[in-house]
Amino acid sequence: MPNISTLSDLIEAGKQAPCKTQRQYAKHLGHCIGLFANNPPAILGHAVDLDVYLAVAPKFSKKNVKLTRKLSSIGMSPKTYKQYQSDGRRLIERHTGALEARRQLRERDDRFAELRGRLEDLVDAGLIDKDIRDLGKITALTRRRGCDIHQIDRDFIAGLRDECATSDEFSKVKRGAKLLDAFRKFPTLLDVLPEEPIGDLSTLHRTRHSIPEALELDLEKWVTAATTQVPDFETEAARKMATETYADGTIGIYRAAFRKFVSAASQSVDVTKVNGLCALFGQETLETTVISLIRECDRSDGISARTLYNYFDKIRLTLRAVGHDEEAAAVKKLIDKTPKLIEGRLAGEFMAPGVQEWCEALLADPRKRQVFEFQHEMYCTRARDALDTAAALGIDLYTYAATGEIDDQYRSIATKLLRRARMFGVSAAFAALELEGLPLRKMNVLSLDMSGSLPTFFDHRDGDTSYFRVRIPNELLKNGVAMTKRGRRLPPADYHKGMDGCWAFDILEFYLDEIRPLFGGASESQLLFPAIENVGTHLTTQTFDAWFAECSNEIGLPMTPHNFRHGYCSIEINEDLGVLPYLEVVTGDLASTLTRFYAFIQTTERLRDQQAHRAKRRRKVRNDYEAAVGENA
């Protein structure tokens, strides 16, 4: 069906279809929306979405008092309603491809498919009341590995940890495994289940190794010492006032470095019995741990050489900061002579290959560049659509977000719309700050605070000139120490109302007024991006990363938050090679660093210019030569 974007389009196209059955489906879909939607015109104008339709016309249940009363009031029998409702659903599924996808899933020739078929029979017979959808994640990951259900055991589940982006995803895997064990009570299912029970997975977490408490205490003391600069003043009061602490993101790298090291060391040493963190830096343990981590680098899912070098450099600096000079020297020696660590150090002087490839693809595709420049508008439109759909369905997302209470008929669609409003609203605000202000690092943006001891986001909507301001002091920047030594600071970024070609003010205002109140943490703190839960912390990076990946994929420009900084600089340098002094100001990096990182830009154009320049000179040289030869003749 061509040119179908809304439910109204789908109905009209269905009515014109040559197939009588499709015409019936379209007629019944229109009836359901007309009879059961609170605002039929708004729903008809909505994009084709099965969840929206099911919120309007849910599957019939005697327990749905609201639906049964409505049917009674309009004189429609449950049998007629079931027919109308299922016909409307079939038309939508035919259009979205869900029918075909289900058919292909049923036809997959593996034990998962056979199990699902048998389970559906048991569900229909009322013998199973569990939600078999919990099998989805474990099924998908097992199939992705090219494996089948009989190969699953506890070790197999443990091996899936690295394939889960978040702890929540791994929890879904464990729920699926628990379900497989629960189904063993049915003898008719045993031949399509794992050969042995999987067993208790409660102690199996996505993070492989936990650090003993004693080492954790050492770790925190060491990291604090390494990331805190105390000036050499005579009085304690002066030292306290002038003390500077590294940015949270940088401190996080120090912690991650030691946790990775302890985790790797635990493969050869019982870390629960060592006498303090320093005991892990004996020559033998140090070298075996380095070898273990290098092997991890060589795995497809391992850390990069660049990250490994950064980790060991942070460990070296920390050992020196806490007075373990011999151990620091041993680490330095390994850094200088180990090929993988040398590779990592050199890689840090240039852009990572994957990031460079992404930037090159961005510059090569005019459409990608266009989407990059106004993606914040695209995210904002989707967030508004989610709020508008909720309003059309009569759903109060703010109450639902705060209490979790809602009519069961609307729970599924309300959950989906709340997630989309939050997800796209946050992505819109984040992108607006990045694209129309300073290309800041992710943690600097997620940590923006409207109050506190060090506010970084300022709301100036009550003055003669309405604008928002972001001001990040050097103490919070990854390169802040180097900037302070150079006497440099990032300028404040202002987002003014009504500026031509700028949408950041409107997007940030929409976010503050309509999206931020959907987060539980909005009432607990003045952080710009509060947590989903009722806690006074910012939105977790894991949640934001997952949301942003999904949002950017949906608009056709897959990217990470880190790509903003590189995309911003790449486009500016590609437009004007003389822009480096400006980029020095907005990024805080030196022009020499920027030149090294973005040397790949316009290399072909530069070669062509040089070839043309040399050709012109060569012609002149030849002409001069021929003229001289002629004169001598």
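The values are calculated or read from the model by the stated rules, or taken from the named source; none is laboratory data. What you see is a predicted model, and the numbers here were worked out from it, not measured in a lab. Glycine also receives a Cβ, built like all others from the backbone with ideal geometry; neighbour counts cover every protein chain displayed. Accessible surface areas use protein heavy atoms only, side chains included; no ligands, DNA or RNA. Shrake-Rupley method; radii C 1.70, N 1.55, O 1.52, S 1.80 Å.
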Discussion item. Given the condition among the hydrophobic types (A, V, I, L, M, F, W, C), surrounded by 19 or more Cβ atoms within 10 Å (Cβ to Cβ) and part of a helix (DSSP H, G or I), answer yes or no: does some residue in the stretch 401-414 qualify?
Written reply: yes
Fill in: Of all residues in the stretch 562-616 being in contact with a Ser or Thr (Cβ under 8 Å, 6 or more places away or on another chain) and assigned to a helix (DSSP H, G or I), the one that is most open to solvent (accessible area, probe 1.4 Å)
L580
Worksheet item: Which of the residues that make up the stretch 32-62 are in a helix (DSSP H, G or I) and open to solvent by 30 Å² or more (accessible area, probe 1.4 Å)?
Response: G34, L35, P40, P41, A42, L44, L50, D51, L54
Worksheet, complete the sentence: Residues in the stretch 520-561 that are over 15 Å from the mean Cα position of the chain (by Cα) and in a helix (DSSP H, G or I) total 4
Discussion item. Which condition from (1) open to solvent by less than 10 Å² (accessible area, probe 1.4 Å); (2) at pLDDT 85 or above; (3) not hydrophobic (A, V, I, L, M, F, W, C) is the one that E533 breaks?
Written reply: (1)
Discussion item. Scan the stretch 171-185 and tell me whether some residue there is hydroxyl-bearing (S, T, Y) and either more than 29 Å from T540 (Cβ to Cβ) or modelled with pLDDT under 80 (or both).
Written reply: no
Item to complete: Give the stretch 22-49 a look and list any residue that's hydrophobic (A, V, I, L, M, F, W, C) and either farther than 21 Å from L67 by Cα or out of contact with any helix residue (DSSP H, G or I) (no Cβ under 6 Å at 6 or more places or on another chain) (or both), or say none.
Response: A26, L35, A47, V48
Discussion item. Suppose we keep only residues that are under 19 Å from E216 (Cα atoms) and within 37 Å of the chain's Cα centre (by Cα) within the stretch 274-290. Which one would you say is surrounded by the fewest Cβ atoms within 10 Å (Cβ to Cβ)?
Written reply: G276
Worksheet entry | Only listed residue being over 17 Å from Y309 (Cβ atoms), open to solvent by less than 60 Å² (accessible area, probe 1.4 Å) and free of Cβ contacts under 8 Å to residues at least 60 places away in the same chain, chosen from D396, D365 | D365
